[in-house]
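Student: The structure's right below; bear with me while I get my questions together.
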């Protein structure tokens, strides 16, 4: 009998809920135990009624057998799916579920998430990683998948002990691959998520409204051009072809889709502003660049939040 592998998902929001639901709903034959780590209302609601998961017009109720709000020893794989602003605190809170045998996959909207995690859990095998997904948290314990394949790209793990994990994820309908150019792919995904989040949050627009309004599309392109210049200054060759790709890619999402950052701003929360907007402006200025469109939209976001500019 094969030894049971253990996967922990830390943070059961839009991303963690999507991954957890897909894994538990799959008829995967591999001997794998999937554990949800959640806190506060998410923990209470999932424990009481299960995780509500909507995708493709279908609603499922997922009942995890293993749901905890505190750590339970080291795991083979830890997927950290918290918001960017919670990453450091979550990594510290769950540090004891990661040891030198643990593969850690942080999936934040950041370009330096792995670096941050390594600072807290230096012994673990931490991967650079990103996921292509639009999945919103309707309320704690209720996740709605709006679009994107949920594809995960990671750096290549050390050794060959983790092939089972990639096989397991792919069998569950979550495309996953290790690539030597993972950091380039993370910057490419950031080109999409940062710029789209910024324009939708600043102007309170859906994805469809951005792409149907030539003026808004032009502003979005300007944001992508500014971020591409920053990526180039960091050694990652993003440019016109990548911008064209995302101008087409956005059409794969329902027109009424909204970014999670936009939803946060709608309720008066800064959300991931520090990581999606402030980081770009600050790093660009440090590199001698002029992110004028980002600065203009940052001012609009601050006004929506009631912050003097």
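The values are calculated or read from the model by the stated rules, or taken from the named source; none is laboratory data. In this text, all values refer to a predicted model and were calculated from it rather than measured experimentally. Positions of Cβ are backbone-derived with ideal geometry, glycine not excepted, and every protein chain shown enters the neighbour counts.
Student: Being assigned to a loop (DSSP other than H, G, I, E, B) and within 19 Å of residue 187 (Cβ to Cβ) is the filter; apply it to the range 249-272 and report the residue that is modelled with the highest pLDDT. Please lay out each step first, then the result.
Tutor: At the first step, the residues of the range 249-272 found to be assigned to a loop (DSSP other than H, G, I, E, B) are 253-259, 267-272.
Next cut, within 19 Å of residue 187 (Cβ to Cβ) only: 259, 272.
Values: 259: 91, 272: 96.
Applying the filter and picking the extreme gives 272.
Student: On to the next question. Could you say whether any residue in the range 58-72 is buried (at least 21 other Cβ atoms within 10 Å of the Cβ), not in a loop (DSSP other than H, G, I, E, B) and not assigned by TED's automatic domain parsing to the domain that holds residue 188?
Tutor: Checked against the condition, which is being buried (at least 21 other Cβ atoms within 10 Å of the Cβ), not in a loop (DSSP other than H, G, I, E, B) and not assigned by TED's automatic domain parsing to the domain that holds residue 188, the range 58-72 yields no hits at all.
Student: Let me ask another. Counting just the residues of the range 206-236 that are part of a loop (DSSP other than H, G, I, E, B) and more than 22 Å from the chain's Cα centre (by Cα), which one comes out surrounded by the most Cβ atoms within 10 Å (Cβ to Cβ)?
Tutor: Among those that are part of a loop (DSSP other than H, G, I, E, B) and more than 22 Å from the chain's Cα centre (by Cα), it is 213.
Student: Residue 107 - would you say it is assigned by TED's automatic domain parsing to the domain that holds residue 71 and more than 21 Å from residue 278 (Cα to Cα)?
Tutor: Numbers: assigned by TED's automatic domain parsing to the domain that holds residue 71: yes; more than 21 Å from residue 278 (Cα to Cα): no.
No, not satisfied.
Student: Could you pull out the residue among 127, 196 that is over 25 Å from residue 91 (Cα atoms), in contact with a helix residue (DSSP H, G or I) (Cβ under 8 Å, 6 or more places away or on another chain) and buried (at least 20 other Cβ atoms within 10 Å of the Cβ)?
Tutor: 196
Student: Here is a follow-up. Evaluate the following for residue 246: is it assigned by TED's automatic domain parsing to the domain that holds residue 213, part of a helix (DSSP H, G or I), in contact with a helix residue (DSSP H, G or I) (Cβ under 6 Å, 6 or more places away or on another chain) and closer than 16 Å to residue 109 by Cα?
Tutor: No, not satisfied.
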